[in-house]
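The values are calculated or read from the model by the stated rules, or taken from the named source; none is laboratory data. As the structure is a computational prediction, the values presented were derived from the model and not from experiment. Cβ sites come from the backbone with ideal geometry, for glycine too, and all protein chains shown count toward neighbours.
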Amino acid sequence: MATMNAKLDQILGTLPKIHEIDSQMQGLVKNVQELRQENASLRTELAKKDQVIAQLTEQVNRVDQNSRSTSIRILGLPVTGDTPYAQIPEIVFNEILAPTLAAAKACGDISPQAILIPHSIIVNSFAIPAKNNSTSCTVIVKLSSEFIRGLVFKHKKDSLPKVNDSSSQRVRNKYSIFEDLAPGTHALFRSFAADPRVKSIWTYSGQIRFRIKDNDTVFKAKHLTDTIDSLSNP
């Protein structure tokens, strides 16, 4: 009996501690619930901010792309890191603009009497430095109007010189001319081009267009968040 009474006294002595622990546990449960609610609220706020950031990124990219509506990107010109800046417009005019605009005159796209000189149609031009100064640089050219740029794209295939590509045993254009894409559009273009499902891809007025294999539909990417799956399987 004495032993049992001693154990009972010991148990009764632990009851306050048990109540204290229970109270602490209830406090912890309440704190966890509050943290969960706060976490859910923060996630909702972050989702809203992410949406706003995506919208702003889209708007900035669109404005940037619109600012490049008269620009072209040229690869293969005889321009290196050592080429004087003042010579670049002359090279662009002689190698690209003169032959394409002559073809435009010949087919009546512009008046045969039109006098076109480098500084009247080239607003700005510059070379993007290559890793090796002796390597041909990419040249960015801002033209005076979208009309002139359109003539370049229309007549470049037939009017510009061609070379024999020894690696592919095919005749190709000596110069490659593309639209000047904003960074966001360019990154999306590269990601699409790297997808093995894509059969052909190009841009028109800053908008990415592509075809996938076994499908003749031309898909258009209108947003930076577009994917091949979201466009081909809406």
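For region 118-144, a residue qualifies if it is touching a helix residue (DSSP H, G or I) at 6+ places or on another chain (Cβ under 7 Å) and assigned to a loop (DSSP other than H, G, I, E, B), and exactly one does: SER144.
Taken together, the criteria place VAL163 among residues that are touching a Lys or Arg at 6+ places or on another chain (Cβ under 9 Å), of a type in the set (A, V, I, L, M, F, W, C) and at pLDDT below 95.
Return the residue satisfying two criteria in turn: it lies in region 215-227 and is part of a loop (DSSP other than H, G, I, E, B) and in contact (Cβ under 8 Å) with a residue 24 or more places away in the chain, and of such residues it is surrounded by the fewest Cβ atoms within 10 Å (Cβ to Cβ). Among them, the one singled out is THR225.
How many residues does region 150-168 hold that are surrounded by 15 or more Cβ atoms within 10 Å (Cβ to Cβ) and free of Cβ contacts under 8 Å to residues at least 12 places away in the same chain? Qualifying residue count for the region: 1. For PHE147, state whether it is free of Cβ contacts under 8 Å to residues at least 40 places away in the same chain, more than 26 Å from SER232 (Cα to Cα) and aromatic (Phe, Trp, Tyr). Yes; evaluated as a whole, the condition is true for this residue. Inside region 75-117, residues that are touching a helix residue (DSSP H, G or I) at 6+ places or on another chain (Cβ under 7 Å), of a type outside the set (A, V, I, L, M, F, W, C), within 14 Å of VAL152 (Cβ to Cβ) and not in a loop (DSSP other than H, G, I, E, B) make up a count of 2. Scanning region 169-202 for residues that are among the polar types (S, T, N, Q), farther than 18 Å from LYS157 by Cβ and in contact (Cβ under 8 Å) with a residue 60 or more places away in the chain yields one hit, THR185. Please verify whether ALA127 is within 17 Å of ILE72 (Cβ to Cβ) and touching a His at 6+ places or on another chain (Cβ under 6 Å), treating the condition exactly as stated. Considered against the rule, which asks whether it is within 17 Å of ILE72 (Cβ to Cβ) and touching a His at 6+ places or on another chain (Cβ under 6 Å), ALA127 comes out as no.
Give the residues of region 188-214 that are surrounded by 14 or more Cβ atoms within 10 Å (Cβ to Cβ) and either among the aliphatic types (A, V, I, L, M) or on the phi > 0 side of the Ramachandran plot (or both), sorted by residue number. The answer is LEU188, VAL198, ILE201, GLY206, ILE208, ILE212.
Do the conditions hold for VAL163, that is, is it among the β-branched types (Val, Ile, Thr) and assigned to a strand (DSSP E or B)? So VAL163 fits the description; yes.
Can you find a residue in region 15-32 that is of a type in the set (Lys, Arg) and either assigned by TED's automatic domain parsing to the domain that holds VAL152 or surrounded by 10 or more Cβ atoms within 10 Å (Cβ to Cβ) (or both)? Yes.
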